[in-house]
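Down below is the structure, laid out as structure tokens.
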Amino acid sequence: MDKINKQTRPIFPFTAIVGQEEMKLALILNVIDPKIGGVMIMGDRGTGKSTTIRAIADLLPKIEVVTDDSFNSHPSDYDLMSDFVKTQIDNSVNISTHSIKVPMVDLPLGATEDRLCGTIDIEKALNEGVKSFDPGLLAKAHRGILYVDEVNLLDDHLVDILLDSAASGWNTVEREGISIRHPSRFVLVGSGNPEEGELRPQLLDRFGMHAEIRTVRDASLRVQIVEQRAKFDQNPYDSIKEFSDKQSDLKQLIINAQNKLPSVKVDYDLKVKISQICGLLNVDGLRGDIVTNRAARAFAAYQNKDEVEVNDVKQVITLCLRHRLRKDPLESVDSGMKVEQAVSEVLF
């Protein structure tokens, strides 16, 4: 390994993670199409949630950003630029760029709204007439991943802000009549343990996907996971080297899928069937229909297909709908099973 790699903290390779296929698929689809709306990962303690999320961020190709810009602005995509960079481009000012790793931002549970959104220096604005803005975590997460561990314990007000920014792609800070906005498009990943309480249904519904993970019960698989982790802890650079080919292959698959995504089609009849399933399950609103269509297209692109097939929908629909069903405390059927039953009725 070269010196640069050895100076940075080694990250457990994504392709070395054993099991938890549902969580891995949800994360891959969200990085292929961030407009899916993020993923909520609920599961037992010690099941590798944080490890997997850091690993997917480390796997992704570097992104090109405008130098001396606090918002990771894209040099050519208007939707991903700050207003400052847009003004420079409109005035034909030459901008310089450099490459950075995809931002991976952790939101601590005790974070304040100012820490999340950023702050405006009112004194400077009044005395010098200059808009001075200290960017928050939403600015740092632009074009990257924002991870909230134990999101079900986070203040509802902050969860609302997070979900609004994730949906709109912008963060607006207003104080004393001064308003500043900046792009904030990121993949929102929340994780939590159901024992510590569920997220409110109206907030949960706004996560694109919901992955459930359970502790592996198979003894031989548990041994494999323990050995894999022990090997990495003993010599992380050897472990990274061992999986470098698999990492490169998966990275290329994701890049190819991102490029292919705009051209992937969904047949009208299949769209109707997706909506039939949502209707059968009494899913409120249209978010379930929209997300399932997006996720199916992302999955088809990941499989290098030009058109979404029935099987692509089957692979993703439970992830997209299980958290949108109305909870009946007296019902013993798992929400994932209910989705599968509805799918088997509509998609033969």
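The values are calculated or read from the model by the stated rules, or taken from the named source; none is laboratory data. This one's a predicted model, so the numbers in the text were calculated from it and none came from an experiment. Positions of Cβ are backbone-derived with ideal geometry, glycine not excepted, and every protein chain shown enters the neighbour counts.
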Inset, instruction - Residue by residue through the stretch 212-227, note down the ones that are buried (at least 17 other Cβ atoms within 10 Å of the Cβ) and part of a helix (DSSP H, G or I). - result: Ile225
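Go through the residues of the stretch 253-264 one by one and say whether even a single one is of a type outside the set (Lys, Arg), touching a residue at least 40 places away in the same chain (Cβ under 8 Å) and touching a Pro at 6+ places or on another chain (Cβ under 7 Å).
Applying the first criterion (of a type outside the set (Lys, Arg)) to the stretch 253-264 yields 253-259, 261-264.
This time we only want the ones that are touching a residue at least 40 places away in the same chain (Cβ under 8 Å), so: 253-258, 261, 263-264.
Still in the list and also touching a Pro at 6+ places or on another chain (Cβ under 7 Å): 255.
Looking for residues that are of a type outside the set (Lys, Arg), touching a residue at least 40 places away in the same chain (Cβ under 8 Å) and touching a Pro at 6+ places or on another chain (Cβ under 7 Å), one finds at least one in the stretch 253-264, hence yes.
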Inset, instruction - Determine whether the stretch 154-163 contains at least one residue that is assigned to a loop (DSSP other than H, G, I, E, B), modelled with pLDDT under 85, among the hydrophobic types (A, V, I, L, M, F, W, C) and over 18 Å from the mean Cα position of the chain (by Cα). - result: no
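Of everything in the stretch 271-290, what is in contact with a Leu (Cβ under 8 Å, 6 or more places away or on another chain) and either at pLDDT 95 or above or not basic (Lys, Arg) (or both)? Give them in sequence order. Show your work before the answer.
Going residue by residue through the stretch 271-290, those that are in contact with a Leu (Cβ under 8 Å, 6 or more places away or on another chain) are 273, 277-278, 281-283, 288.
Within the stretch 271-290, Ile277, Cys278, Leu281, Asn282, Val283, Gly288 qualify.
Is the stretch 64-81 home to any residue that is closer than 30 Å to Arg222 by Cβ, out of contact with any Gly (no Cβ under 7 Å at 6 or more places or on another chain), hydroxyl-bearing (Ser, Thr, Tyr) and at pLDDT below 85? Walk me through it before giving the result.
From the stretch 64-81, those closer than 30 Å to Arg222 by Cβ are none; that's our starting set.
No, the stretch 64-81 contains no residue that is closer than 30 Å to Arg222 by Cβ, out of contact with any Gly (no Cβ under 7 Å at 6 or more places or on another chain), hydroxyl-bearing (Ser, Thr, Tyr) and at pLDDT below 85.
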Inset, instruction - Would you check which residues across the stretch 165-174 are under 24 Å from Ser50 (Cα atoms) and at pLDDT below 85 and list them? - result: Ala166, Ala167
Inset, instruction - Report, ordered by the first and then the second residue, all pairs with beta carbons closer than 6 Å, sequence separation of six or more or different chains, a first member in the stretch 281-292 that is within 12 Å of Leu319 (Cα to Cα) and assigned by TED's automatic domain parsing to the domain that holds Ala167, and a second member that is among the β-branched types (Val, Ile, Thr) and surrounded by fewer than 19 Cβ atoms within 10 Å (Cβ to Cβ). - result: none
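Which of the following residues is part of a helix (DSSP H, G or I) and crowded, with 16+ Cβ neighbours inside 10 Å: Lys314, Lys246, Lys271?
Values: Lys314 fails: crowded, with 16+ Cβ neighbours inside 10 Å; Lys246 fails: crowded, with 16+ Cβ neighbours inside 10 Å.
Answer to the check: Lys271.
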Inset, instruction - Taking Ile254 as the residue in question, decide whether it is modelled with pLDDT under 90 and either assigned to a helix (DSSP H, G or I) or surrounded by 19 or more Cβ atoms within 10 Å (Cβ to Cβ) (or both). - result: no
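In the stretch 175-203, which residue that is of a type in the set (A, V, I, L, M, F, W, C) and modelled with pLDDT of 80 or more is surrounded by the fewest Cβ atoms within 10 Å (Cβ to Cβ)?
My answer is Ile180.
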Legend entry - In the stretch 46-71, the residues that are closer than 18 Å to Thr15 by Cβ and not in a loop (DSSP other than H, G, I, E, B): Lys49, Ser50, Thr51, Thr52, Ile53, Arg54, Ala55, Ile56, Ala57, Asp58, Leu59
Legend entry - Selected residue (criterion: surrounded by the most Cβ atoms within 10 Å (Cβ to Cβ)) from residues of the stretch 317-337 that are modelled with pLDDT of 80 or more and assigned to a helix (DSSP H, G or I): Cys320
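What do you reckon, is Asp233 part of a helix (DSSP H, G or I), out of contact with any Pro (no Cβ under 8 Å at 6 or more places or on another chain) and farther than 29 Å from Val18 by Cα? Before the answer, list the steps.
Details: part of a helix (DSSP H, G or I): yes; out of contact with any Pro (no Cβ under 8 Å at 6 or more places or on another chain): yes; farther than 29 Å from Val18 by Cα: no.
In short, no.
Give Thr8, Thr15 a once-over and let me know the one that is over 30 Å from Leu321 (Cβ atoms) and either at pLDDT 85 or above or not assigned by TED's automatic domain parsing to the domain that holds Arg185 (or both).
Numbers: Thr15 fails: over 30 Å from Leu321 (Cβ atoms).
Of Thr8, Thr15, the one residue that is over 30 Å from Leu321 (Cβ atoms) and either at pLDDT 85 or above or not assigned by TED's automatic domain parsing to the domain that holds Arg185 (or both) is Thr8.
Listed residues Ser263, Ser239; which is surrounded by fewer than 18 Cβ atoms within 10 Å (Cβ to Cβ) and among the small types (Gly, Ala, Ser)? Break it down into steps so the answer makes sense when it comes.
On the way: Ser239 fails: surrounded by fewer than 18 Cβ atoms within 10 Å (Cβ to Cβ).
Selected residue: Ser263, the only one of Ser263, Ser239 that is surrounded by fewer than 18 Cβ atoms within 10 Å (Cβ to Cβ) and among the small types (Gly, Ala, Ser).
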